Amino acid sequence: MQNKARLELADYEAENLARLQKMFSRKWEFIFMQAEAQSKVDKKRDKLERKVLDSQERAFWDVHRPMPGCVNTTEIDIKKACRMNKPIKSTKHLQLGLAGGRISPSVSEADLTSPVETLKHDIDLLKTRVDRCNFKVSKAAESFISYWEQYQDYDPILIPTDPPNPWVSDCPDYWEVEKFAKEIPTKRVRRWAFSVQELLKDPLGREQFVKFLEKEFSGENLMFLTAVQELKCLPQKDVNTKVQEIWDEYLATSAPVPVNIDSKSMNNTKKNMQNRDRWTFDAAAAHLYHLMKSDSYSRFLRSEMYKDILSGGRKKTSVKGGIRSIVHFSKGKDAPPPS
């Protein structure tokens, strides 16, 4: 250490230095050699540059390692620290009133909050934080990476389609493929297994899922969910009539196509029927959607029906020549014979 007045260590700095020497006792000689080498490099700089670097270093440590008694702005907000250090005013301040029984003018009635109310407020805040869904950055990054890896084969920018997009390449082969294709492409079928939303979003996937539900005698669940979605898109004047139609068809005692929901969802729906709106059947729809997602959808992916569709697409892609040969053959067949 240099023996200059401006470089002398304060008491707390000397204590921290002693603690670091004890902590890094085995490596202290190496640390001292590094500091000495940096000091020699610093001496070679001009005076103005040394002053700038010295002031920057002091400012850095004032912020990140402040003096004892100062607020550390990197760990806690200054406003929060002031609120935490502010004493809680309670009803004991009432004893500081004037002789006539009136509260002191310097103490307002709004500041006289009891400790019990403050603790209740803190408990409510902690409960809210516990119920809040918090994710670590690492977990969120893993989710984004897995999502990208799953959908990268379906990104036309990263992986061009075959045949190419006719709106970009002016090549009409895509329309011919769609016209003559009798099997669903494997790539499209694999996407149905990503989620139930992907399955229902695809018209062909939705059609196959409806056929499967009809075999399982549970097609009314999807019909009910479709009707609820249509209800949310109707004009306000038609909402009341549509709500009654859905109730009569799926939930009434003598409904022609009854759906099976739990008692809690049924009671909530009956209560919502008193004040009908677009969200009257949300509780029942959420219950049926969860049931369909966890039961019917998983059984569909394990069914022979889905496996046959998937294997049919694979056989189609393995045929030599593929669809393009069929397209060219049909074109040659329709062409007039040479004269």
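Bear in mind that the values in this text are calculations on the coordinates, not laboratory data. Values in this document were obtained by computation on a predicted structure and should not be read as measured data. Every residue, glycine among them, receives a Cβ derived from its backbone with ideal geometry; neighbour counts consider all protein chains shown.
Miscellaneous remarks
- Positive-pole candidate from Trp61, Ala14, Ser25, dipole of region 5-64, charges at beta carbon: Ser25
- ³J(HN,Hα) computed for each position of region 45-56 - Karplus, 6.51 cos²θ - 1.76 cosθ + 1.60, integer Hz, glycine/proline x: 6, 6, 5, 5, 5, 5, 5, 5, 5, 5, 5, 5
- Computed packing ranks the peptides 131-142, 206-217, 251-262 as 206-217, 251-262, 131-142, most packed first, by mean other Cβ atoms within 10 Å.
- Summarised as an ellipsoid, region 5-64 has semi-axes of 23, 17, 10 Å, derived from the eigenvalues of the Cα gyration tensor scaled by 5 and square-rooted, with the largest first.
- Here region 126-221 is treated as a sphere whose radius is the Kirkwood value from Cα pairs; by Stokes-Einstein at 10 °C and 1.306 mPa s it diffuses with a coefficient of 93 µm²/s.
- Using only side-chain charges placed at the Cβ, +1 for Lys and Arg and -1 for Asp and Glu, the dipole size of region 149-243 relative to its Cα centre rounds to 420 debye.
- Cα point-scatterer Debye curve for region 181-326, base-10 log of I(q)/I(0) at q = 0.11, 0.21 Å⁻¹: -0.51, -1.24
- Converting phi to 3J(HN,Hα) with the Karplus coefficients 6.51, -1.76 and 1.60 and the offset θ = phi - 60°, region 131-137 yields 6, 5, 7, 10, 10, 6, 4 Hz in sequence order, with x at every glycine or proline.
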